[in-house]
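**Student:** Would you mind keeping the following structure in view while I ask a few things?
The values are calculated or read from the model by the stated rules, or taken from the named source; none is laboratory data. Predicted model only: the values in this text are computed from it and were never measured. Glycine also receives a Cβ, built like all others from the backbone with ideal geometry; neighbour counts cover every protein chain displayed.
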Amino acid sequence: MSFPYTVLALLALILVSAFFAVSEISLAASRKIKLKLLLKKGDRRAQRVLDLQENPGHYFTVIQIGLNAVAILGGVMGESALSPYISTWLHPFYDGPALQTVSFAISFSLVTGAFVLFADLIPKRTGMIEPERIALAVAAPMTLCMKLFAPMVWFFDGMADMLFRLFRVPIVRREDITSDDVMAMADAGAQAGVFLNKEQHLIANVFELDIRGVASAMSSRNDIVYLTLGESEESLYAKITEKPHGKYPVCERDSIDTVMGYVDSKDLLPRIAKGNKISLRTDPIVRKILLLPDTLTLFEALECFRDAKEDMAVIVNEYALVVGLLTLQDVMSTVMGELISPFQEELIVRRDEKSWLVDGTTPIEDVMQALDIDEFEGWEHYETIAGFLMYMLRRVPKRTDSVEYGNHKFEVVDIDNYRIDQVLVTRIDREEGFPETL
């Protein structure tokens, strides 16, 4: 075979090998979600690619047969055909005993380099850049190749399936998508500029609903404004005026633990506007209130709100004592943050580059996110930053008490009736080897 025909034959083999290489990587890298979107838009080729992904055995068998056959043929043809020409070119410069060896080495390097660069690296990198688009284009030709090589495919694929079963290796591709996968894609989208940081935080907050307890979002029992059955009309007016809310829990006695229902402001305001007298004991305006255990997550609480068609619930502990009040607004504030309540006072205020002022009732998850701390010690035993300090100190904290954890110092700066009101967090520049927890 003449030199031009040899070069053309090698180029043809390189193109065939490149086709198989780009077909292999494009199918493996194609995202099922994106293929389904293309299918919904009317591209029927996407269904063929999805079918190949579900059962890729025959597909990859054809590719491996083609790649190996081309590689062997290219090696035999290239080295044997090019060596004489290279030997002729080298003869004027060197005519020693090692001429054939040098010619073979140069021929081998040229053929191998051409196959590595043009039949492997460039096609595979191209397939990684636009996997779905390329997979749609090569699906039909590859299906034809599968039919042409059906006997060989059947033999080799059967042997591979038998070995897979022998070693109990799954032969079907799984496409399980977890919340961690979605979060990883959201983080990648935020870094690439596809998502805004607020959108990425919103997605993270939605998934946190399934791990956050109701205590992280509820109002504590000390902050609950409630009415009593025997309360005077003047007292009712005063509470409604001084502390306006959409709904008020109603208790039998002057104790939040005797809660029996709730009253809606929409039922009270018309009576007040008309000058009618109000009595919770005589007027049939007290409704049944939803009670939820404090062991629920926020996602479970949302389901209870939906089933009961309510947007407020009293949270009780295992001893049937009221520990807080949760509303649908509280849950949505956890998800949306400042987007839903821009005028609400922030629980975490950054004072400067190295210090924050944190409300004692701030959920520990919010503190972890604000301070970029992966995990607090014993986090499963408390819900708030105040609970963290009590857990670490093993006693009720006093003003100026402090805890050093990681690279931060947590100092109690204000206490209201034994309740931690404000915590000053300061970042500490530690030297390597300094203990992280004191």
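**Student:** Of the residues that sit in segment 347-367 and are farther than 22 Å from D429 by Cβ and part of a loop (DSSP other than H, G, I, E, B), which one is farthest from the chain's Cα centre (by Cα)?
**Tutor:** Step one: of segment 347-367, the residues farther than 22 Å from D429 by Cβ are 347, 359-366.
Checking which are part of a loop (DSSP other than H, G, I, E, B) leaves us with 347, 360-362.
Working: L347: 25, G360: 28, T361: 26, T362: 23 Å.
So, considering only residues that are farther than 22 Å from D429 by Cβ and part of a loop (DSSP other than H, G, I, E, B), the one farthest from the chain's Cα centre (by Cα) is G360.
**Student:** Same structure, new question: Do any residues in segment 220-236 that are in the same structural domain as R287 (by TED's automatic domain parsing) and more than 14 Å from L268 (Cβ to Cβ) have Cβ atoms under 9 Å from those of residues that are of a type in the set (V, I, T) and in a loop (DSSP other than H, G, I, E, B), where the two are at least six apart or on different chains, and which pairs are they?
**Tutor:** Sorted first by the residue in segment 220-236, then by its partner, the pairs are S220/T361; D223/T361; L229/V286.
**Student:** If you don't mind, another one. Out of I211, I285, which single residue is in contact with an Asp or Glu (Cβ under 7 Å, 6 or more places away or on another chain), at pLDDT below 85 and outside any strand (DSSP E or B)?
**Tutor:** Sole residue among the options that is in contact with an Asp or Glu (Cβ under 7 Å, 6 or more places away or on another chain), at pLDDT below 85 and outside any strand (DSSP E or B): I285.
**Student:** Are any of the residues in segment 241-254 of a type in the set (S, T, N, Q), loosely packed, with under 15 Cβ neighbours inside 10 Å, more than 18 Å from T327 (Cβ to Cβ) and free of Cβ contacts under 8 Å to residues at least 24 places away in the same chain?
**Tutor:** Here is the first cut: in segment 241-254, the residues of a type in the set (S, T, N, Q) are 241.
Then keep just the ones that are loosely packed, with under 15 Cβ neighbours inside 10 Å; that gives 241.
Next, from what is left, pick out any that are more than 18 Å from T327 (Cβ to Cβ): 241.
Within this subset, residues satisfying the condition of being free of Cβ contacts under 8 Å to residues at least 24 places away in the same chain are 241.
Yes, there is a match, as at least one residue in segment 241-254 is of a type in the set (S, T, N, Q), loosely packed, with under 15 Cβ neighbours inside 10 Å, more than 18 Å from T327 (Cβ to Cβ) and free of Cβ contacts under 8 Å to residues at least 24 places away in the same chain.
**Student:** Separate question: Could you tell me which numbered condition G158 fails, if it satisfies all but one of (1) surrounded by 13 or more Cβ atoms within 10 Å (Cβ to Cβ); (2) free of Cβ contacts under 8 Å to residues at least 12 places away in the same chain?
**Tutor:** Failing condition for G158: (1).
**Student:** Do we find a residue being polar (S, T, N, Q), out of contact with any helix residue (DSSP H, G or I) (no Cβ under 9 Å at 6 or more places or on another chain) and surrounded by 12 or more Cβ atoms within 10 Å (Cβ to Cβ) anywhere in segment 339-358? If you could, list the steps in order and put the result at the bottom.
**Tutor:** To start, the set of residues in segment 339-358 that are polar (S, T, N, Q) comprises 341, 344, 355.
With out of contact with any helix residue (DSSP H, G or I) (no Cβ under 9 Å at 6 or more places or on another chain) added as a condition, the list becomes 355.
Adding the requirement that they be surrounded by 12 or more Cβ atoms within 10 Å (Cβ to Cβ) leaves 355.
Yes: segment 339-358 contains one or more residues that are polar (S, T, N, Q), out of contact with any helix residue (DSSP H, G or I) (no Cβ under 9 Å at 6 or more places or on another chain) and surrounded by 12 or more Cβ atoms within 10 Å (Cβ to Cβ).
**Student:** Under 8 Å between Cβ atoms, which residue pairs at least 6 apart in sequence (or on different chains) link something in segment 277-299 that is closer than 12 Å to L326 by Cα with a partner that is at pLDDT below 90 and of a type in the set (G, A, S)?
**Tutor:** Hits for this filter: D294/G213; D294/A215; L296/G213; T297/G213; L298/G213; L298/S216; L298/A217.
**Student:** Within segment 37-61, how many residues turn out to be among the aromatic types (F, W, Y) and either farther than 19 Å from D157 by Cβ or touching a strand residue (DSSP E or B) at 6+ places or on another chain (Cβ under 6 Å) (or both)? Give the derivation first.
**Tutor:** Of the residues in segment 37-61, the ones among the aromatic types (F, W, Y) are 59-60.
When the remaining residues are screened for being either farther than 19 Å from D157 by Cβ or touching a strand residue (DSSP E or B) at 6+ places or on another chain (Cβ under 6 Å) (or both), the result is none.
Residues that pass the stated criteria total 0.
Residue by residue, here is whether (1) farther than 17 Å from G324 by Cα; (2) at pLDDT 85 or above holds:
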position: K239; (1), (2): yes, yes
position: D257; (1), (2): no, yes
position: L268; (1), (2): yes, no
position: A273; (1), (2): yes, no
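**Student:** Let me ask something else about it. For segment 199-220, state whether one or more residues are basic (K, R) and surrounded by fewer than 19 Cβ atoms within 10 Å (Cβ to Cβ). Before the answer, list the steps.
**Tutor:** Let us first name the residues in segment 199-220 that are basic (K, R), namely 212.
Restricting the remaining residues to those that are surrounded by fewer than 19 Cβ atoms within 10 Å (Cβ to Cβ) gives none.
Looking for residues that are basic (K, R) and surrounded by fewer than 19 Cβ atoms within 10 Å (Cβ to Cβ), one finds none in segment 199-220, hence no.
**Student:** Could you say whether any residue in segment 66-81 is in contact with a His (Cβ under 9 Å, 6 or more places away or on another chain), assigned by TED's automatic domain parsing to the domain that holds P131, at pLDDT 80 or above and surrounded by 16 or more Cβ atoms within 10 Å (Cβ to Cβ)?
**Tutor:** From segment 66-81, those in contact with a His (Cβ under 9 Å, 6 or more places away or on another chain) are none; that's our starting set.
The answer is no; no qualifying residue exists.
**Student:** Identify all residues within segment 373-403 that are assigned to a strand (DSSP E or B) and either under 30 Å from the mean Cα position of the chain (by Cα) or closer than 26 Å to D294 by Cβ (or both); write none if there are none. Write out each step before concluding.
**Tutor:** Within segment 373-403, the first condition is being assigned to a strand (DSSP E or B), and the residues that meet it are 384, 402-403.
Within segment 373-403, T384, V403 qualify.
**Student:** Of the residues V314, V286, V323, only one is of a type in the set (V, I, T) and either more than 15 Å from Y262 (Cβ to Cβ) or in contact with a Cys (Cβ under 7 Å, 6 or more places away or on another chain) (or both); which? I'd like the intermediate steps shown before the answer.
**Tutor:** Numbers: V314 fails: either more than 15 Å from Y262 (Cβ to Cβ) or in contact with a Cys (Cβ under 7 Å, 6 or more places away or on another chain) (or both); V286 fails: either more than 15 Å from Y262 (Cβ to Cβ) or in contact with a Cys (Cβ under 7 Å, 6 or more places away or on another chain) (or both).
The conditions single out V323.
**Student:** Also, I was wondering about something else. If the Cβ limit is 8 Å and pairs must be 6+ apart or interchain, which residue in segment 361-380 that is more than 18 Å from V412 (Cα to Cα) and of a type in the set (A, V, I, L, M) pairs with which residue that is modelled with pLDDT of 85 or more and part of a helix (DSSP H, G or I)?
**Tutor:** I373/V367
**Student:** So G113 ticks every box in (1) within 21 Å of N68 (Cβ to Cβ); (2) touching a residue at least 40 places away in the same chain (Cβ under 8 Å) but one. Which box is left unticked?
**Tutor:** G113 satisfies every listed condition except (2).
**Student:** Related question: Just a yes or no: is a residue in segment 133-148 part of a helix (DSSP H, G or I), among the hydroxyl-bearing types (S, T, Y) and more than 37 Å from the chain's Cα centre (by Cα)? Step through it out loud before you land on a result.
**Tutor:** Taking segment 133-148 and keeping what is part of a helix (DSSP H, G or I), we get 133-148.
The next check asks that each one be among the hydroxyl-bearing types (S, T, Y); those that pass are 143.
Still in the list and also more than 37 Å from the chain's Cα centre (by Cα): none.
For segment 133-148, residues part of a helix (DSSP H, G or I), among the hydroxyl-bearing types (S, T, Y) and more than 37 Å from the chain's Cα centre (by Cα): absent.
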